[in-house]
Amino acid sequence: MRTVDWDENSNALKLIDQRALPHELCILRYDDYREVAEAIRSMVVRGAPAIGATAAYGLALAARQSGAKSPEELRRDLDAAADLLRATRPTAVNLAWALERTLSAVSNFDVSVDELRAKVLEEARKIADEDAMLNRRMAQHGAALIEDGDVIIHHCNTGSLAAVEWGTALGVIRMAHEQGKRIHVLVDETRPRLQGTRLTAWELQQYHIPFDIITDNAAGYFLSTGQAHKVLFGADRIAANGDVANKIGTYMLALAAVDNTVPVYAVAPTSTIDLRLENGRLVPIEERDPEEVLKLQINGKEVAPPGACARNPAFDITPYRLITAIVTENGIAFPPFSINLRRAVEGKLG
Ligand code: MRU
């Protein structure tokens, strides 16, 4: 099934509960947009494109829950629901993008309240279907960068679970594998929530792609000893100059890759490119509960001393100068990103 899906029979949103993986494949159903907001915040669903599609379906639920008697009232209720959904995770621009797109699809219609409700659901479905289709196109472009025999370091989870289906950077790896290229993936475990160990490793098992999990701090060793040939990751927001906001640890990984002349590829749909932001310093960085860092247990005991404090930024910014290319559904953008990202968004890459 899709990571984010609409159940036609019960008219509810279905999400794979990513907190339970890899040990349980659990599907949760939602018919209240407030619970959808909580699902995004608590990372039942995560990954930039996946939370965008989820938020759009959240608006479809809000439209159904609203007791509005006029289109104006319904639009007011939708705006309030969008505010709640938007505030759940600030860094991934796909979330705000999907909400804006859904709201603007119903902004200029002189139709009945019920027709507007149907229109919100229709737009959410379109966003989800397009995401699935664009991810495959992106994977085909990106697979051209992968060579037979490549060992690739991959950060976080960017596969089917991070999107509606197929995925971004992991989608590229999967496509190259399906094309018959022999690939080995070094899976960054991705502290503190271990999206690499829990989710990417699980997905790679399903696709029969060979991999080893590595601790995040081992990446430099593999890069400096010539044991890794490429670095691939996704993005939560890309500024107009090509700075990439992605899962915490991406910056250090890119630094170590560039120091060893290993190419660094970010893979993201154009909905992740935020041309309104001049550079990455303007991206809001989500700082999550320190408990996510402190609750690590070994032998059934918490490792940190009682009373210890922690900081937990969920994302960092990799400056454009460390990025070799950015793969989108409209083709591959190479530097200068300030020109070529706009071309990618407009579908005008050569
Ligand atoms: O905190 P998460 O798990 O939502 O972070 C996800 C990432 O950082 C991914 O790399 C990013 O969303 C792009 S992959 C589709």
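Brief remarks follow.
- Each 10 Å bin from 0 upward holds the following percent of the Cα-Cα pairs of the range 89-182: 15, 35, 25, 16, 7, 2.
- Rounded to 5, percent antiparallel among DSSP beta bridges of the range 171-285: 20 percent
- Whole-Å distance, taken between Cα centres, linking the range 301-350 and the range 85-158: 17 Å
- The ranking of Ser104, Ser160 by Cβ neighbour count inside 10 Å, starting from the fewest, reads Ser104, Ser160.
- Counting only Cβ charges, +1 for Lys and Arg and -1 for Asp and Glu, the dipole size of the range 4-135 around its Cα centre is about 340 debye.
- Scattering profile of the chain at q = 0.14 Å⁻¹ [log10 I(q)/I(0), Debye over alpha-carbon scatterers]: -1.12
- For the range 294-350, GluC sites (Glu not before Pro) are listed when DSSP marks them as loop and at most 13 other Cβ atoms sit within 10 Å of their Cβ; the list is Glu346.
- Degrees, to the nearest 10: 250-259 long Cα axis against longest axis of the chain: 30 degrees
- What the phi angles of the range 9-14 give under the Karplus curve with 6.51, -1.76 and 1.60, with θ = phi - 60°, is a coupling list of 5, 9, 6, 9, 8, 10 Hz, glycine and proline written as x.
- Assigned charges on the beta-carbon of Lys, Arg, Asp, Glu; the chain dipole about Cα centre (debye): 460 debye
- Based on DSSP H segments of at least four residues, each scored -39500 (n - 2.57), the chain has a per-residue ellipticity at 222 nm of -12000 deg cm²/dmol.
- With contacts taken as Cα pairs under 8 Å at a separation of at least 6 residues, the range 50-198 carries a relative contact order of 22 percent.
- A quarter of the convex hull surface defined by the alpha-carbon atoms of the range 219-313 gives 8.4 nm² as the mean projection.
- The angle between the Cα long axis of helix 93-105 and the main principal axis of the chain comes to about 20°, on a 0 to 90 degree scale.
- If you take the alpha carbon atoms of the range 4-135 and fit the smallest convex hull around them, that volume is 100 Å³ per residue.
- Excluding same-chain neighbours fewer than eight residues apart, the lysines reachable from Lys247 by a Cα-Cα span under 28 Å are Lys14, Lys126, Lys181, Lys230, Lys295, Lys301.
- Of all DSSP beta bridges in the range 144-345, antiparallel share, percent nearest 5: 40 percent
- Cleavage-rule hits (trypsin sites (Lys or Arg not before Pro)) in the range 302-350: DSSP loop, at most 15 neighbouring Cβ within 10 angstrom: Arg311, Lys348
- Total charge dipole magnitude, the range 201-350, about the Cα centre, Cβ charges on Lys, Arg, Asp, Glu only, Debye to nearest 20: 380 debye
- Ascending count of other beta-carbon atoms within 10 Å, so fewest first, for Ile51, Ile152: Ile152, Ile51
Every number in this text was worked out from the coordinates using simple rules, so none of it is lab data. For clarity, every value in this text was computed on a predicted model and none was experimentally measured. A quick note on method: Cβ atoms are made from the backbone with ideal geometry, for glycine too, and the neighbour counts reach across all protein chains shown.
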